[in-house]
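Report on the following structure.
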Amino acid sequence: IGDSMGRLAVADVAGDSLDDLILAAQFADGPSNLRVDAGEAYVINGSAALSGTKDLLVSPANLTVYTEDAFDELSSVDAGDVNADGKKDLIFGADDADGQTEGKVDAGELYVIYGSSALSGSRDVCQGVGCAGGSQGAAPGVAIFGADALDDFGTVATGNVNGGSIDDIIVGAALADG
């Protein structure tokens, strides 16, 4: 019934020293609305002129990211510099995605798209033949797949948890059995 936009992060993924808004719509239906409840992420670039109301139907986001399959349910977004290039990278999880070969129901998936001033338009992480609503997409910088079916791997956060110089990715698997 609705896209259920509600998860968000704020970080400079464009590398222009202005924070960008990163939004997740867990139940959005992908390109041409052909992937029911796949989920989408949106990046709205920061700007001193950003104000008022923004309707994404009328004025699209600077970047729209489509998850791979129907019912993947993009569930969380964050950003951190995980490749030490000085730009925050877009990180998102789809906790009901079915793994690399679609053989692990609700195992979950996590994707990293490296931050860049060239992030614009749309990015479709679908890599298989027959991607609904579009052609084969551009590979993300990193893809991580949940270990077991029904793990619901994909709740993401970033931070420097080991004292190193690179942000770390923290991922939860809500239903993993240990």
Any hit, region 13-23, residues being under 13 Å from the mean Cα position of the chain (by Cα) and more than 23 Å from Ala118 (Cα to Cα)
no
Considering only region 99-125, state which residues are outside any loop (DSSP other than H, G, I, E, B) and among the β-branched types (Val, Ile, Thr).
Val112, Ile113
Among the candidates Gly80, Gly99, Gly93, residue that is modelled with pLDDT of 90 or more, within 13 Å of Asp152 (Cβ to Cβ) and in contact with a strand residue (DSSP E or B) (Cβ under 8 Å, 6 or more places away or on another chain)
Gly93
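Quick one: which residue in Leu56, Leu110 is in contact (Cβ under 8 Å) with a residue 40 or more places away in the chain and in contact with a Phe, Trp or Tyr (Cβ under 8 Å, 6 or more places away or on another chain)? Explain how you work it out, then say what you get.
Details: Leu56 fails: in contact (Cβ under 8 Å) with a residue 40 or more places away in the chain.
Checking each option against the conditions leaves just Leu110.
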Cross-chain or 6+ apart pairs with Cβ under 7 Å, region 135-152 first and at negative phi and in a loop (DSSP other than H, G, I, E, B), then at pLDDT below 85 and of a type in the set (Gly, Ala, Ser):
Gly146/Gly99
Sort through Ala84, Ala94, Ala41, Ala49 and tell me the only one that's farther than 19 Å from Asp168 by Cα and touching a residue at least 24 places away in the same chain (Cβ under 8 Å).
Ala41
If Leu18 meets every condition in (1) at pLDDT below 90; (2) among the aliphatic types (A, V, I, L, M); (3) more than 17 Å from Arg123 (Cα to Cα) apart from one, which number is that one?
(1)
Find the residue count for region 153-172, including only residues that are open to solvent by 40 Å² or more (accessible area, probe 1.4 Å) and free of Cβ contacts under 8 Å to residues at least 60 places away in the same chain.
5
Only unsatisfied item for Phe71, checking (1) at negative phi; (2) open to solvent by 50 Å² or more (accessible area, probe 1.4 Å), is (1)
Return the only residue of Val125, Val112, Val171 being within 25 Å of Ala84 (Cα to Cα), touching a Pro at 6+ places or on another chain (Cβ under 8 Å) and modelled with pLDDT of 90 or more.
Val112
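For region 6-31, name all the residues that are hydrophobic (A, V, I, L, M, F, W, C) and crowded, with 16+ Cβ neighbours inside 10 Å. Spell out how you get there, then give the answer.
Filtering region 6-31 down to residues hydrophobic (A, V, I, L, M, F, W, C) leaves 8-11, 13-14, 18, 21-25, 27-28.
Of everything in region 6-31, those that are hydrophobic (A, V, I, L, M, F, W, C) and crowded, with 16+ Cβ neighbours inside 10 Å turn out to be Ala9, Ala11, Val13, Ala14, Leu21, Ile22, Leu23, Ala24, Ala25, Phe27, Ala28.
The values are calculated or read from the model by the stated rules, or taken from the named source; none is laboratory data. Predicted, not measured: the structure shown is a model, and the values here were computed from it. Backbone-built Cβ (ideal geometry, glycine too); neighbour counts: all protein chains shown. Surface accessibility is based on the protein's heavy atoms, side chains included, excluding ligands, DNA and RNA. Shrake-Rupley method; radii C 1.70, N 1.55, O 1.52, S 1.80 Å.
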